[in-house]
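Below is one structure; the comments refer to it alone.
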Amino acid sequence: MSRYNSKSKEQKEIAKDRIKTLFKEAEENFSLDPKLSNRYVELARKLVMKYRIRMPSEFKRRYCKHCYSYLMPSKNCRIRTKDGMLIVYCLDCKKFNKFKYKK
């Protein structure tokens, strides 16, 4: 018997849809209220942890891994490429994330 109750597939699918909706809302509302966008990212991360699912790959690069703020290029992050790496520098917490990319 599992120590934790496993969630059903339907619940996990609903959580994934909600995560997509939250990131869409974060993108739309960033120009009006960046704090609200950060809150949407926080809620999406809580859903990922609660339902023990992976964050969809298209959303992994849209928030800072250190301060969990929603990243909008040229607004609160700087993006550079160097040696096959994509370097995203967060202007809120002054830290950076590196991602590999194919040349």
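The values are calculated or read from the model by the stated rules, or taken from the named source; none is laboratory data. Please read these numbers as outputs of a predicted model, since none were measured by experiment. Neighbour counts are summed over all protein chains in view; Cβ atoms, including those assigned to glycine, are modelled from backbone coordinates with ideal geometry.
Results, tabulated for the structure shown:
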read-out	value
Exclusive hit being exposed (fewer than 14 other Cβ atoms within 10 Å of the Cβ), at pLDDT 90 or above and either among the basic types (Lys, Arg) or in a loop (DSSP other than H, G, I, E, B) (or both), set Lys12, Lys46	Lys46
Any pair with Cβ under 9 angstrom, 6 or more apart, that starts in region 35-50 at a residue that is more than 12 Å from Lys16 (Cα to Cα) and free of Cβ contacts under 8 Å to residues at least 60 places away in the same chain and ends at one that is in a helix (DSSP H, G or I) and small (Gly, Ala, Ser)	Leu36/Ala26; Ser37/Ala26; Asn38/Ala26; Arg39/Ala26; Tyr40/Ala26; Val41/Ala26
Options Ser37, Ser57, Ser69, Ser6: the member that is farther than 20 Å from Cys90 by Cβ and of a type in the set (Ser, Thr, Tyr)	Ser6
Leading residue by the ranking (nearest to Met72 (Cα to Cα)) among those in region 51-62 that are in contact (Cβ under 8 Å) with a residue 40 or more places away in the chain and not in a helix (DSSP H, G or I)	Pro56
Considering residues of region 72-94 that are in contact with a Lys or Arg (Cβ under 8 Å, 6 or more places away or on another chain) and outside any strand (DSSP E or B) only, the residue surrounded by the most Cβ atoms within 10 Å (Cβ to Cβ)	Leu91
Scan of region 20-43 for residues that are β-branched (Val, Ile, Thr) and either over 14 Å from Tyr68 (Cβ atoms) or not in a helix (DSSP H, G or I) (or both), ordered by number	Thr21
Of residues in region 49-71 being out of contact with any Leu (no Cβ under 8 Å at 6 or more places or on another chain) and aromatic (Phe, Trp, Tyr), the one surrounded by the most Cβ atoms within 10 Å (Cβ to Cβ)	Tyr70
Filtered residue count, region 24-72, keeping only those that are within 28 Å of Ser8 (Cα to Cα) and hydrophobic (A, V, I, L, M, F, W, C)	10
